[in-house]
Amino acid sequence: MLGKIEDKLLQPIGDSNAFLLSCLAFLDSGAVSSIVIVYKNEEQRIQLNFCLSEHLAQYSNLPGLNILWVQGGKERQDSVWEGLHALPEEITHVMIHDCARPFIKGHTICELADQIIQNRAVSVARPLKDTLRLRIDDSDNPLQPSVTKTLNRAKHWLMETPQGAPRKWLIQGLKEANTLETLVTDDMAALELAGYPIAMLETNYPNPKITTPDDFSYAEFLFRS
């Protein structure tokens with residue numbers, strides 16, 4: 001956020017924010033029985049809890065709904081590890097979502113859940129539409145002429161979230177990543193290390209990730225669309 005925004009999860013998007021939009025999508029889906037919210041520090045936990053609490057009354061009819069809180073770690077995989085182990089033992093299948101993608105829809109969450117409970121590892125993703133080119137040299141300057149290689153875009157997918165799998169698979173994959181001292185940028189990468197095949201679920205609507213301040217203009221447009 002380049003120091004311009006204090007917490008992108010709580011930055012207003014219309015009359016909501018990324019955190020709340022993400023939580024309500026899962027609650028509205030009816031596909032989950034437990035939610036673990038992984039927070040970075042106590043100050044953020046208090047703010048997130050205050051944001052969510054006023055909306056929970058409307059979900060009092062969801063039987064056994066369990067909302068848990070756990071502090072995350074230094075890297076993404078550390079936070080996912082903490083979240084997985086905060087769940088009740090009876091939870092066998094999980095979805096992991098980045099709240100920086102606030103426009104996920106409930107019907108997609110249901111589709112993903114239907115696949116995961118068949119003991120499959122599945123991620124929301126979309127096929128690459130642009131030409132993908134690899135620079136062969138190590139230069140950080142894109143204006144520096146370089147030998148390049150054009151890659152087959154038909155075989156490349158852009159990964160999004162939610163991503164899900166049997167819980168024990170994810171734990172096994174994260175253990176493997178830690179053993180190999182490998183930093184994974186998404187949860188499917190950990191499953192790949194453990195040898196599990198990955199399936200892709202393509203959506204027919206935008207599911208962008210909010211990364212820079214400029215992304216909020218697009219988020220506002222999607223919110224009001």
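The values are calculated or read from the model by the stated rules, or taken from the named source; none is laboratory data. Remember, predicted model here, so these are calculated numbers, not experimental data. Don't worry about glycine lacking a Cβ; one is built from the backbone with ideal geometry, like all the others, and counts go over all protein chains shown.
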ask   = When only residues in segment 88-138 that are in contact with a helix residue (DSSP H, G or I) (Cβ under 7 Å, 6 or more places away or on another chain) and among the hydroxyl-bearing types (Ser, Thr, Tyr) count, which is surrounded by the fewest Cβ atoms within 10 Å (Cβ to Cβ)?
value = THR131
key: Candidate set from segment 209-225 (those that are outside any helix (DSSP H, G or I) and in contact (Cβ under 8 Å) with a residue 12 or more places away in the chain); member that is surrounded by the most Cβ atoms within 10 Å (Cβ to Cβ)   = ILE210
message = Out of PRO142, PRO206, I need the residue that is outside any helix (DSSP H, G or I) and modelled with pLDDT under 95. Which one?
response = PRO142
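One line per residue, one yes/no per condition, for (1) touching a strand residue (DSSP E or B) at 6+ places or on another chain (Cβ under 7 Å); (2) in a helix (DSSP H, G or I); (3) at positive phi; (4) at pLDDT 95 or above:
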position	(1), (2), (3), (4)
ALA57	no, yes, no, no
LEU62	no, no, no, no
SER79	yes, yes, no, yes
GLU82	yes, yes, no, yes
ASP98	yes, no, no, yes
ARG101	yes, no, no, yes
THR108	yes, yes, no, yes
key: Which numbered condition ALA154 fails, given (1) modelled with pLDDT of 95 or more; (2) closer than 30 Å to LYS105 by Cβ; (3) among the aliphatic types (A, V, I, L, M)   = (1)
request  = Would you confirm whether any residue within segment 154-169 is in a helix (DSSP H, G or I), under 24 Å from LEU87 (Cα atoms), out of contact with any strand residue (DSSP E or B) (no Cβ under 6 Å at 6 or more places or on another chain) and touching a residue at least 60 places away in the same chain (Cβ under 8 Å)?
outcome  = yes
request  = List the number of the failed condition for GLU6; all other conditions in (1) exposed (fewer than 13 other Cβ atoms within 10 Å of the Cβ); (2) modelled with pLDDT of 95 or more hold.
outcome  = (2)
task = Report yes if some residue within segment 157-180 is within 25 Å of HIS107 (Cα to Cα), among the polar types (S, T, N, Q) and within 18 Å of the chain's Cα centre (by Cα); otherwise report no.
result = yes
ask   = Can you find even one residue in segment 179-194 that is among the hydrophobic types (A, V, I, L, M, F, W, C), loosely packed, with under 13 Cβ neighbours inside 10 Å and assigned to a loop (DSSP other than H, G, I, E, B)?
value = yes
Residue selected from segment 35-80 under the condition farther than 30 Å from LEU193 by Cα, aliphatic (A, V, I, L, M) and in contact with a Phe, Trp or Tyr (Cβ under 7 Å, 6 or more places away or on another chain), by the criterion surrounded by the fewest Cβ atoms within 10 Å (Cβ to Cβ) = LEU65
ask   = How many residues, within segment 25-34, are at pLDDT below 95 and either of a type in the set (D, E, K, R) or outside any loop (DSSP other than H, G, I, E, B) (or both)?
value = 4
inquiry  = For segment 35-55, give me the residue count where each residue is in a loop (DSSP other than H, G, I, E, B), of a type in the set (D, E, K, R) and more than 19 Å from ILE96 (Cα to Cα).
reply    = 1
note = Going through segment 141-153 in order, the residues found to be surrounded by 12 or more Cβ atoms within 10 Å (Cβ to Cβ) and either touching a residue at least 60 places away in the same chain (Cβ under 8 Å) or of a type in the set (A, V, I, L, M) (or both) are LEU151
